[in-house]
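Report on the following structure.
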């Protein structure tokens with residue numbers, strides 16, 4: 001099939017590598033290139049060590065039947081930078097590795113875009129934004145469904161249209177996945193984020209190594225998270241660690257595992273993407289040229 005633009009995906013892979021294949025399986029057949037960024041010294045943005053077994057690399061290579069997955073090893077930890085600064089730096093290096101052309105998706109290993117065929121069609125339909133990206137810098141925003149905790153027979157999750165930027169035609173981010181000065185457009189693409197639905201030891205590793213490590217009392221918040229169950233989750237509202245109202249309430253969906261949750265949720269919530277008016281592009285080009 002003739003395509004007017006390409007779709008490339010960049011992942012940051014660290015201590016939570018085991019979630020990656022679940023994410024890749026959602027989009028593998030619909031993208032042109034996937035790059036996996038891994039710290040060459042196996043250090044997090046906080047400088048802590050992690051390990052990735054050889055079996056992980058073997059599994060990825062065995063899955064990659066069309067040879068579209070590339071491993072990108074680099075020193076992503078800089079001691080005199082904060083975790084957030086290290087994150088921004090790594091994401092920018094990864095963007096550069098993806099190249100200047102086409103659409104670039106910036107994903108974490110635990111972010112799952114179900115029904116990706118509809119996303120592919122959306123991006124191909126809006127190919128014109130990638131022709132002269134410096135004239136029409138844009139970042140597409142989606143909706144996160146945050147899995148908060150895996151409990152017996154299912155998952156607790158947040159579903160309140162929390163938005164985040166993760167698709168761009170730009171060459172560089174300003175902070176994390178955001179590019180200041182680029183037009184931000186909400187697409188309604190729904191992304192299931194495994195986020196906090198992990199084992200206890202993984203959560204402790206997560207909150208001591210991620211970019212928001214210094215933004216809240218991680219020990220206190222961990223104890224709260226650990227206390228939640230199917231019996232008491234309805235008692236708590238506004239539970240986001242930095243912006244409480246961002247996660248207003250918890251829901252529960254009975255499911256056997258993450259694959260079952262993705263299937264059930266996708267059946268109940270089909271991807272319904274928002275159309276972009278072509279006139280917007282023409283106005284942006286005119287404003288750039290005749291400013």
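The values are calculated or read from the model by the stated rules, or taken from the named source; none is laboratory data. Model, not experiment: these values are computed from the prediction. Note that we place each Cβ from the backbone using ideal geometry, even for glycine, and neighbour counts take in every protein chain shown.
Structural remarks
- Residue 104 touching a helix residue (DSSP H, G or I) at 6+ places or on another chain (Cβ under 9 Å), crowded, with 21+ Cβ neighbours inside 10 Å, in contact (Cβ under 8 Å) with a residue 24 or more places away in the chain and more than 24 Å from residue 28 (Cα to Cα): no
- Residue in the stretch 123-155 that is modelled with the lowest pLDDT, counting only those that are closer than 30 Å to residue 232 by Cα and surrounded by fewer than 17 Cβ atoms within 10 Å (Cβ to Cβ): 152
- Note on the stretch 111-136: among residues that are out of contact with any strand residue (DSSP E or B) (no Cβ under 9 Å at 6 or more places or on another chain) and not in a loop (DSSP other than H, G, I, E, B), the one that is nearest to residue 260 (Cα to Cα) is 116.
- Test: residue 252 is farther than 26 Å from residue 119 by Cβ and part of a strand (DSSP E or B): yes
- Of the residues making up the stretch 255-275, those that are in a helix (DSSP H, G or I) and surrounded by 12 or more Cβ atoms within 10 Å (Cβ to Cβ) are 258, 259, 260, 261, 262, 263, 264, 265, 266.
- Any hit, the stretch 78-99, residues being under 23 Å from residue 171 (Cβ atoms), over 18 Å from the mean Cα position of the chain (by Cα), free of Cβ contacts under 8 Å to residues at least 40 places away in the same chain and surrounded by 12 or more Cβ atoms within 10 Å (Cβ to Cβ): yes
- Across the stretch 26-51, the number of residues qualifying as within 28 Å of residue 263 (Cβ to Cβ) and in contact with a helix residue (DSSP H, G or I) (Cβ under 9 Å, 6 or more places away or on another chain) comes to 10.
- Selected residue (only one of 70, 51, 74, 59 is under 22 Å from the mean Cα position of the chain (by Cα), over 28 Å from residue 88 (Cβ atoms) and modelled with pLDDT of 95 or more): 59
- Residue match in the stretch 66-89 (condition: part of a helix (DSSP H, G or I) and in contact with a strand residue (DSSP E or B) (Cβ under 6 Å, 6 or more places away or on another chain)): yes
- Each residue in the stretch 22-46 was checked for being touching a residue at least 24 places away in the same chain (Cβ under 8 Å) and assigned to a loop (DSSP other than H, G, I, E, B), and 7 of them qualify.
- Selected residue [buried (at least 19 other Cβ atoms within 10 Å of the Cβ), at pLDDT below 95, in contact with a helix residue (DSSP H, G or I) (Cβ under 9 Å, 6 or more places away or on another chain) and not in a loop (DSSP other than H, G, I, E, B)] from 167, 203, 189, 158: 203
- Taking the conditions (1) in contact with a strand residue (DSSP E or B) (Cβ under 7 Å, 6 or more places away or on another chain); (2) modelled with pLDDT under 95; (3) in a helix (DSSP H, G or I) in turn, residue 226 satisfies each one other than (1).
- Residue match in the stretch 21-30 (condition: modelled with pLDDT under 95 and either buried (at least 20 other Cβ atoms within 10 Å of the Cβ) or over 14 Å from the mean Cα position of the chain (by Cα) (or both)): no
- Flag for residue 286 being modelled with pLDDT under 95 and either touching a strand residue (DSSP E or B) at 6+ places or on another chain (Cβ under 9 Å) or in a helix (DSSP H, G or I) (or both): yes
- Against the conditions (1) modelled with pLDDT of 95 or more; (2) closer than 25 Å to residue 259 by Cα, residue 15 satisfies every one except (1).
- Flag for residue 216 being in a strand (DSSP E or B) and more than 16 Å from the chain's Cα centre (by Cα): no
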